[in-house]
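Reading through the structure tokens given below for one structure.
Read the figures in this text as sums done on the coordinates, not as results from a lab. No experiment lies behind these values; they were computed from the predicted model shown. Here the Cβ positions follow ideal geometry from the backbone for every residue, glycine too, while neighbour counts run over all protein chains shown.
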Amino acid sequence: MIELKSATKAYGAGNAVGPLDLAIAEGQFVALLGGSGSGKTTTLKMINDLAPATAGQVTVGGQPLDAEPGWKLRRRIGYVFQEIGLFPHLTVAENIAVGPKLAGWDAARIAARTDELLDLVSLPRAVAARLPAALSGGQRQRVGVARALAAQPAIMLMDEPFGALDPVTRDDLGREYRALHERLGLTTVMVTHDVMEALVLADRIVVLDAGRIVADGTPGALMSGDQPPAVRALMQTPRRQAERIASLAAAPAPGTPGEGGHG
Ligand code: ADP
Ligand code: MG
């Protein structure tokens, strides 16, 4: 479905990202995990031609990206931006309608689709007339997801979509999006710098470091087994957190009757 063959992005002299070899099958949920500047956003943008590879090849659905103009490709690929990226002067409904309008849908079809999308991302239909500034952060990100899904793409690219949210909202939205991914049969590539988020949501985690892939496997494989030091270091935090939580759960709560007070 998505294939990068020695895909490379250079800005000026050195390679910013790549060469990358990566094949993503239809229906997969892939997390692109890495620190700041590791090349996550650039990799996403190579896939939808916003930052065309300067060497190597990218194919989507078997078609090389240079076979069609980028704007045409991007109609088939939903994109959720890192910095929310809603148009502040457009209402929620108008934000959602941007893609369908470009695709030439008529007003009735757009209105019906907008209602359907608001339901899909669990937003009340009443928010349709509001400006983004009148929404909570979580609601804005739901609109971002709805907008990306508007023209019924088969592929969703998401750039740290829930990164700016509080942990509870973030967890809720992540799980809800994962359910949408299943229900709609999407192929999803989600960028995150959060190891926990990648472990919980993805089928497969691709770890980037300095523009190169340093690990690629299931969450289970990355947590265990023979990983390079950079990956082991990355997985140390969630492992420590899990151990701490397990030990807290096993210990008797303070003041539990029958415990302690022997001497
Ligand atoms: P991440 O999303 O993982 O934080 P990016 O993909 O944004 O990383 O950046 C990867 C590398 O490419 C960084 O070294 C960054 O400075 C460089 N880079 C990204 N965009 C540009 C650009 N437009 N011009 C020059 N260098 C860029
Ligand atoms: Mg980024």
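Things worth noting here:
- Share antiparallel - DSSP beta bridges, segment 151-263, percent rounded to 5: 50 percent
- Relative to the longest principal axis of the Cα atoms of the chain, the long axis of helix 167-184 lies at roughly 50 degrees.
- Listed residue (ILE213, SER224, GLN241) projecting farthest to the positive dipole end of segment 210-257, Cβ model: GLN241
- With all pairs of different C-alpha atoms in the average, the Kirkwood value for the hydrodynamic radius of the chain is 20.0 Å.
- For segment 2-68, the mean projected area of the C-alpha convex hull, equal to one quarter of the hull surface, is 4.6 nm².
- The long axis of helix 92-102 is offset from the longest Cα principal axis of the chain by roughly 50 degrees.
- Equivalent-ellipsoid semi-axes of segment 89-153, from the Cα gyration tensor, Å, largest first: 18, 12, 10
- With the simple spin-label model, which puts each label point 7 Å out from Cα in the Cβ direction, the THR218 to ARG109 separation comes to 4.1 nm.
- Take every DSSP beta bridge whose two residues both sit in the chain; close to 50 percent of them are antiparallel.
- Given LYS40/LYS101; LYS5/LYS72; LYS9/LYS101, the pairs whose alpha carbons are separated by over 27 Å: LYS40/LYS101; LYS9/LYS101
- Segment 89-153, relative contact order [Cα under 8 Å, separation at least 6], %: 52 percent
- With R₀ set to 22 Å, the beta-carbon distance separating VAL98 from GLN63 gives a calculated FRET efficiency near 0.35.
- About the centre of its Cα atoms, the chain shows a dipole size close to 420 debye [charges on the beta carbon of Lys, Arg (+1) and Asp, Glu (-1) only; nearest 20 debye].
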